[in-house]
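One structure is given here, and the rest of the page talks about it.
The values are calculated or read from the model by the stated rules, or taken from the named source; none is laboratory data. The structure displayed is predicted, hence computed values, not measured ones. Ideal geometry is used to build each Cβ from the backbone, glycine not excepted, and the neighbour counts take in all protein chains shown.
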Amino acid sequence: MRTHHEPTGPGGKFFPPEAAAPPGVDALLDIVPAGVVVHGPDSRAFYANRYALTLLGPALDIMRTAPAASGAWPLLRADGGALPAHENPVQRALDSRSAVVDVVIGLRGAATRWLICSAHPALGAGGEVAEVVVCFTDCSELKRMEQSLRDSKERLRLMLQGSTDAPWDWNLAEPQPYLSPRWWEMLGYAKGEPGADDASWPGLVHPEDLAHLNDYVARLLASSESAYRIEFRLRHRDGRDVPVLARGLVQRDAAGKAQRISGTNTDLTAAKHAEQRIYELAYFDVLTGLPNRRLLHEQMAKILTRSARSRQYGALLFIDLDNFKLLNDTLGHDVGDELLRMVAGRLRDTVRESDHLARLGGDEFVVVLENLGETQETAVHETQAIGAKLLAALGQPYRLSAREHRSTPSIGVALFGADATGVDLLLRQADLAMYRAKGDGRNTVRFFAPGMQAAADRQIDLQNDLRDSIHHEHFELHCQPQFGADGRLLGAEVLVRWRHDVRGLLAPGEFISLAEASGLIVPLGALVLSEACRILARWALHPRLKGLTLAVNVSAHQLREPDFVERVLDTLLRSGADPRRLCLELTESVFAENVDAVSARMNALRAHGVRFSLDDFGTGYSSLSYLKRFPLNELKIDRSFVADLPGDTHAGAIVDAVLALAHTLDLQVVAEGVETRAQRDYLVAHGCRVFQGYLLGEPLPVAGFEAGFGTA
């Protein structure tokens, strides 16, 4: 059995049926594409066409039985709230006696449906409202689209809030796109500012990018692509370039023809700056701004290719600053960094525009020269000329920390031509040539020769031999005696000799620098100190030797070891030697860094009676603060000053100053390298009381020293 709101036959339905419309009206209303409901003067519905029966469904029960003013109607306001009685379109039509048009209302149910409602009052003969005809049109889909648009707009607002994205939209039927306020703001304009809205956007594209952009857009529109992405530059109001990323979608019709382009421009200025910074950190030296080793390798690969193609020689110059570590250690790293920056500046000013510069690290720089000629002789001549300019430029005084400083470079050169090998091999060859320059007196240029590689190989073999010899203790000590002014033997200095299986007995000058450079000086120094303490312990049992002191050279590497104090004390304890008879000879380099730690270690040993001597005083970056801050017992006048006595007035003045200073500070002075009686007489006359040198005694093996002086 049908309910009363179900359609009966093809047409609508009356409540009650006797209220039927004239013939033909019902059929006419049934073809209207809208729901039609007729309400009586009491606001109750008494007719609904077929569309209304389908559209409103069970809601007609309430409309038929409940007055509009009762508040029971199943309608909602456009905002989703309950519909008050006075806002009901039927009641408003009854009260106002006029039409109420286009009211959006909601229909309660399992899912809310939204309707456009138009209410039209029909007046009777006496002017009263006889009935109200209401038309309902379903706009639910439009309502959903409207909400979707609002949601999209809000999402876009949130996405763009605080971002650099600048929206724009171009209906291709129009000559100009819509450019958002943010778009203009990105270029320094305000929305509505004179000239901003009227400006043609192609005129704001960088001239060098416009052709590329136009070509890209033309190809995009001619294709079937829907997404686009392109980078180009716009011109800011202040004249600078603004790199942007344009991206978005192309809207096409059913035939695939482009109708609209929409998207955003993103300001890439910050990203480009960050990208440039990352590139600089990866390929450039932070301190000097020069290319680093990584970029040099990439450049050299291209340079070698060009050289092979052009058959032109080139040269790689390896530059190392002489005595830089000593300056860096004595004056501080800040001063050293300032020197490196100044050196980089002088290199830029000296080399040609076509040359290449790099800093490998530390005080090592590289200059690469191209197009030096087709013959090796021409390349050598050109390189020598440029090398001379570099020596002159880098040898000029530097102003560092309010004082003048002179620094010289040693330069090694490796030539390359059509048969050039790899970059690493060239660097090694130039490095070897640089060390030859240092060995030849520094402040000079040397070219790589095959014999240098052979020498380097021999050096590596020698280092391996040295390591093996330390392990097997293939060393012996010699002692050079030290005498007082009265001729009395006071002590000796220990000098180590290496008994090499092939090369025989080697003096310290032939292997100590190698030990320093390789780090083997620490175990070698420990070996020498251990043997020296055993000698002291043995001398303590001999009547003629027990009062002697024994001086042992200690390197900066040894003194910087965290457990240096413990090692020395343990060595003394195990040997049974008297700490008061042990004198550790130091050079100024040990005071260059970690001053507090060095001072603490020296004081700790001094507390146990160990003595300290400052060797080669006056030859390096001497500082009087050393004499004040560190617990020294004696100074040793370097042999280079003693050798020029007594005829050289400058050497005499230096020696006199050292002796006077030591006397004031209550320090003993030992003169090294005394080889003539005239030297000894001069030193005695000027107050020196301890002497060491070939005039008095040459270094002897320990057994020979003990035999010679133990029976004297």
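Among the residues making up the stretch 408-431, those that are out of contact with any Phe, Trp or Tyr (no Cβ under 6 Å at 6 or more places or on another chain) and in a loop (DSSP other than H, G, I, E, B) are Thr408, Ala418, Asp419, Ala420, Thr421, Gly422. Here is a check on your reading of the model: is Leu339 over 24 Å from Gln299 (Cα atoms) and of a type outside the set (Asp, Glu)? Taking the combined requirement at face value, the residue satisfies it. State whether one or more residues within the stretch 215-228 are surrounded by 13 or more Cβ atoms within 10 Å (Cβ to Cβ) and within 30 Å of Leu427 (Cα to Cα). No, the conditions are met nowhere in the stretch 215-228. For the stretch 326-333, state whether one or more residues are in a helix (DSSP H, G or I), within 30 Å of Glu231 (Cα to Cα) and either touching a residue at least 24 places away in the same chain (Cβ under 8 Å) or among the charged types (D, E, K, R) (or both). Looking for residues that are in a helix (DSSP H, G or I), within 30 Å of Glu231 (Cα to Cα) and either touching a residue at least 24 places away in the same chain (Cβ under 8 Å) or among the charged types (D, E, K, R) (or both), one finds none in the stretch 326-333, hence no.
When the stretch 365-400 is filtered for residues that are touching a helix residue (DSSP H, G or I) at 6+ places or on another chain (Cβ under 9 Å) and without any contact (Cβ under 8 Å) to a residue 12 or more places away in the chain, the ones remaining, listed by number, are Ala392, Arg399.
Just checking, does the stretch 427-436 include any residue being modelled with pLDDT of 90 or more and closer than 26 Å to Gln558 by Cα? No, the stretch 427-436 contains no residue that is modelled with pLDDT of 90 or more and closer than 26 Å to Gln558 by Cα.
Checking the structure you have, find out if any residue of the stretch 525-537 is assigned by TED's automatic domain parsing to the domain that holds Leu632, in a loop (DSSP other than H, G, I, E, B), under 30 Å from Asn594 (Cα atoms) and not hydrophobic (A, V, I, L, M, F, W, C). No, the stretch 525-537 contains no residue that is assigned by TED's automatic domain parsing to the domain that holds Leu632, in a loop (DSSP other than H, G, I, E, B), under 30 Å from Asn594 (Cα atoms) and not hydrophobic (A, V, I, L, M, F, W, C).
The one condition from (1) touching a residue at least 40 places away in the same chain (Cβ under 8 Å); (2) among the β-branched types (Val, Ile, Thr); (3) not assigned by TED's automatic domain parsing to the domain that holds Ser226 that Ile278 does not meet is (1).
Scanning the stretch 551-569 for residues that are over 20 Å from Leu477 (Cβ atoms) and of a type in the set (D, E, K, R) yields Arg560, Glu561, Asp563, Glu566. Modelled with pLDDT of 95 or more, in a helix (DSSP H, G or I) and crowded, with 19+ Cβ neighbours inside 10 Å: does that describe Val568? Considered against the rule, which asks whether it is modelled with pLDDT of 95 or more, in a helix (DSSP H, G or I) and crowded, with 19+ Cβ neighbours inside 10 Å, Val568 comes out as yes. The set of residues in the stretch 268-311 being closer than 30 Å to Leu220 by Cβ and not in a helix (DSSP H, G or I) consists of Leu268 alone. Selection of the stretch 141-176 for residues being in contact with a Leu (Cβ under 8 Å, 6 or more places away or on another chain) and modelled with pLDDT under 80 yields an empty set.
In the set Gly106, Gly35, Gly12, which member is touching a Phe, Trp or Tyr at 6+ places or on another chain (Cβ under 7 Å), within 29 Å of Arg150 (Cβ to Cβ) and modelled with pLDDT under 65? Give the derivation first.
Values: Gly35 fails: modelled with pLDDT under 65; Gly12 fails: within 29 Å of Arg150 (Cβ to Cβ).
From the options Gly106, Gly35, Gly12, the qualifying one is Gly106.
Are any of the residues in the stretch 486-508 surrounded by fewer than 20 Cβ atoms within 10 Å (Cβ to Cβ), assigned by TED's automatic domain parsing to the domain that holds Ile637, assigned to a helix (DSSP H, G or I) and without any contact (Cβ under 8 Å) to a residue 60 or more places away in the chain? Give the derivation first.
Taking the stretch 486-508 and keeping what is surrounded by fewer than 20 Cβ atoms within 10 Å (Cβ to Cβ), we get 486-490, 495, 497, 499-508.
If we keep only those that are assigned by TED's automatic domain parsing to the domain that holds Ile637 too, we end up with 486-490, 495, 497, 499-508.
Going one step further and asking which of them are assigned to a helix (DSSP H, G or I), we end up with 508.
Then keep just the ones that are without any contact (Cβ under 8 Å) to a residue 60 or more places away in the chain; that gives 508.
For the stretch 486-508, residues surrounded by fewer than 20 Cβ atoms within 10 Å (Cβ to Cβ), assigned by TED's automatic domain parsing to the domain that holds Ile637, assigned to a helix (DSSP H, G or I) and without any contact (Cβ under 8 Å) to a residue 60 or more places away in the chain: present.
Summed over the stretch 15-32, residues that are surrounded by 11 or more Cβ atoms within 10 Å (Cβ to Cβ), at pLDDT below 75 and either within 60 Å of the chain's Cα centre (by Cα) or not in a loop (DSSP other than H, G, I, E, B) (or both) total 4. Restricting attention to the stretch 676-690, the residues that are small (Gly, Ala, Ser) and either touching a residue at least 40 places away in the same chain (Cβ under 8 Å) or on the phi < 0 side of the Ramachandran plot (or both) total 2. When Arg606, Arg677 are checked against the criterion of being out of contact with any strand residue (DSSP E or B) (no Cβ under 9 Å at 6 or more places or on another chain) and either more than 30 Å from Ala537 (Cα to Cα) or modelled with pLDDT of 90 or more (or both), a single residue qualifies: Arg677.
For the stretch 571-582, residues that are crowded, with 21+ Cβ neighbours inside 10 Å and outside any helix (DSSP H, G or I) total 2.
With the requirement that a residue be in contact with a strand residue (DSSP E or B) (Cβ under 9 Å, 6 or more places away or on another chain), farther than 19 Å from Gly439 by Cα and either touching a residue at least 24 places away in the same chain (Cβ under 8 Å) or among the hydroxyl-bearing types (Ser, Thr, Tyr) (or both), what does the stretch 401-416 give you? His405, Leu415, Phe416 - these are the residues of the stretch 401-416 that are in contact with a strand residue (DSSP E or B) (Cβ under 9 Å, 6 or more places away or on another chain), farther than 19 Å from Gly439 by Cα and either touching a residue at least 24 places away in the same chain (Cβ under 8 Å) or among the hydroxyl-bearing types (Ser, Thr, Tyr) (or both).
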